[in-house]
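The values are calculated or read from the model by the stated rules, or taken from the named source; none is laboratory data. Just so it is clear, the model here is predicted, and its values are computed rather than measured. Cβ coordinates were reconstructed from backbone atoms using ideal geometry, including for glycine residues, and neighbour counts include every protein chain displayed. Side chains are part of the model used for accessible areas, which takes the heavy atoms of the whole protein and leaves out ligands, DNA and RNA. Shrake-Rupley method; radii C 1.70, N 1.55, O 1.52, S 1.80 Å.
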Amino acid sequence: MRSWAAQNVPKLPGESIPLSLYDTSAKQVRQTDPGPTARMYVCGITPYDATHLGHANTYHAFDLVGRMWRDAGHEVHYTQNATDVDDPLLERAEQTGVDWRELAEREIELFRGDMEALRILPPREYVGVTEVVGRVAELISKLSAKGVTYALDGDVYFSVADAPKFGQVSGYDEAEMLALFAERGGDPDRAGKRHPLDWLLWRAERPGEPAWDAPLGRGRPGWHIECTAIALDSLGGGYDVAGGGSDLIFPHHECGASEGHALTGEWPFAKFYTHAGMVALDGEKMSKSKGNLVFVSRLRVAHDPMAVRLVLLARHYRADWEYVPSLMADAERRLARWRAAVALPAGPRAEELLATVRARLADDLDSPGALSAIDAWAEQALDQDGPDPGAPALVRDLADALLGVAL
Ligand code: 5CA
Ligand code: ZN
């Protein structure tokens, strides 16, 4: 599928710093250690409604990961999916009388525009599930040949009893897993399952639902296997970072990791499982199903998109936070101050600022720390001028390259 347009990323002088990130699976911050090409997969949208600030928070976090790797001289192979066939999309299409393909296409196009406006660098591969159904079916057959699946009325399940590493990504106990499984698309109570946590790999055709021919029988993929298949084919096992919001820790990334393990024999399937916090509105997690949404497409028209980006940067990516309109006003003031400072003919020397911003971001993406450092430089520049005619351009470049903020 077509991705979106990339902006040019300025090259920065001086020494880069290797990126450390929190790994949910290890429950600690560790240094990433990619090869010449860093490999990252981030779970994409289910395109049945417009991009909200919660989505943007997640894609923004992993954009910072890619920017830090680029700064350190790595090529970045970034892959993202779009869940362009799934229950909530089909339900919304049915409710609104729109063809599900049209709905998905329209929302994906809006998402591309939102990502471009926020200057989020595009994935190298942007893959719709409908583009790879045959391949997903093939991998499910491969899992069946390994004896880790079973059929139930034409549907195919992964048997959790055959997933020896299950639980190692989330670290959750069984009670917690059961509760989240039910809440997030699982079917713990379905009669005939061997274990309540067995998860669906292939859903046999139901009347009125889209289906594809496959040796397994006509049907469509379950949720988790789509990301395992796309990541595996695009990046290979043992890739550097699997990302998404914290609502994907379980069951999505847990199940995906076990699928990857069964298919490749490799553990961990991704070296880091990294998760962004949840953005809330009016006390509840922003979600399409609840309808308490702040749409990026509206915010970026009413405000400078760079101020929207600064709202996201002002929070640590792993924090859960609540959106209130005053955050937008704070960000607009900050943006105006920074722009005034870099418009000066000279400023305080900025080499040290660059080192600080790199160090803050290298430390598990401490973007609030990076913003404070730039605030201090801007304040000094505006209050006292500075001797260095090259400083404003350097600050402009570092904000652009490392934070994605165009000043
Ligand atoms: N298509 C699947 C992933 S394969 C999916 O979860 N789609 S989604 O549209 O529901 O979410 C897209 C991304 O945004 C996911 O990474 C999800 O974790 C993240 N996300 C969803 N809601 C929020 C929120 N309120 N705050 C932060 N991130 C969120
Ligand atoms: Zn996913």
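At a 1.4 Å probe, what is the % contribution of carbon and sulfur to the accessible area of the range 286-404?
Numbers: 2530 of 4970 Å².
Within the range 286-404, the accessible surface is 51 percent carbon and sulfur.
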Next on the checklist: With n ≥ 4 as the cut-off for DSSP H runs, can you work out [θ] at 222 nm for the chain, using -39500 (n - 2.57) per run divided by the number of residues, rounded to the nearest 500?
Outcome noted: -13500 deg cm²/dmol
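Expected output is a single nm value to one decimal: the length gained when fully extending between Leu344 and Asp233, i.e. 0.36 nm times separation in residues minus the C-alpha distance. What is it? Could you put the intermediate results ahead of the total?
Values: separation 111, 0.36 × 111 = 39.96 nm, distance 4.92 nm.
This chain segment gains 35.0 nm when fully extended.
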Checklist entry - Normalised by the residues of the chain, what does the relative contact order come to in percent, with Cα pairs under 8 Å and at least six apart? => result 21 percent
Checklist entry - How much length is gained on full extension from Asp282 to Trp267, taking 0.36 nm per residue of separation minus their Cα-Cα distance? => result 1.4 nm
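Below 8 Å between Cα atoms, with a sequence gap of 6+, how large is the relative contact order for the range 72-130 in percent?
59 percent
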Checklist outcome for this item: With bins of 5 Å, the percent of all Cα-Cα pairs of the range 191-340 per bin from 0 is 2, 8, 12, 14, 14, 13, 13, 10, 7, 4, 2, 1, 0, 0
Checklist entry - Which shape class applies to the range 169-236: rounded if a/c is under 1.5, otherwise prolate when a/b exceeds b/c and oblate if not, where a ≥ b ≥ c are the square roots of the Cα gyration tensor eigenvalues? => result oblate
Checklist entry - So who's got an amide H within less than 5 Å of the one on Asn292, skipping anything under 5 residues away but keeping other chains? H placed 1.01 Å off N, in plane. => result Ser287
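Note the full-extension length gain between Asp87 and Ala302 as 0.36 nm times their separation in residues minus their Cα-Cα distance, in nm to one decimal.
Details: separation 215, 0.36 × 215 = 77.40 nm, distance 3.25 nm.
Length difference between fully extended and current span is 74.1 nm.
Please compute the per residue accessible area over the chain with all protein chains in place, 1.4 Å probe, rounded to a whole number of Å².
Per-residue value: 40 Å².
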Item to check | Stokes-Einstein D in µm²/s, Kirkwood radius over Cα pairs - the range 316-373 at 37 °C with 0.692 mPa s viscosity | outcome: 249 µm²/s
Checklist entry - Dipole of the range 135-232 (Lys/Arg Cβ +1, Asp/Glu Cβ -1, origin at the Cα centre): which of Ala179, Tyr150, Gly217 lies farthest to the positive side? => result Gly217
Checklist outcome for this item: Each label sits 7 Å from Cα toward the beta-carbon; between Glu109 and Glu174 the label points are separated, in nm, by 5.0 nm
Checklist entry - Rounded to two decimals, what is Rg over Rh for the range 1-152 when you use alpha-carbon atoms and the Kirkwood radius? => result 1.03
Next on the checklist: For the pair Glu351/Thr37, report the inter-label distance in nm, with labels modelled 7 Å from Cα in the Cβ direction.
Outcome noted: 3.6 nm
Checklist entry - How many percent of the accessible area of the range 68-117 is carbon or sulfur, using a 1.4 Å probe? => result 41 percent
Item to check | Those residues of the range 106-135 whose amide nitrogen sits under 15 Å from the label point placed on Ala6, 7 Å along Cα→Cβ | outcome: 116, 119-126
Checklist outcome for this item: For the chain, one quarter of the surface area of the C-alpha convex hull, expressed in nm², comes to 19.4 nm²
Checklist outcome for this item: Cα-based Debye curve of the range 272-391 sampled at q = 0.22 Å⁻¹ gives log₁₀ I(q)/I(0) of -1.26
Checklist outcome for this item: The equivalent-ellipsoid semi-axes of the range 1-54, taken as the square roots of five times the Cα gyration tensor eigenvalues and listed largest first in whole Å, are 27, 21, 12
Checklist outcome for this item: Given pairs Lys27/Lys165; Lys193/Lys288; Lys146/Lys193 and cut-off 26 Å on Cα-Cα distance, the over-length ones are Lys193/Lys288
Item to check | Distance between modelled label sites at Glu15 and Glu94, nm, 7 Å Cα→Cβ extension | outcome: 6.0 nm
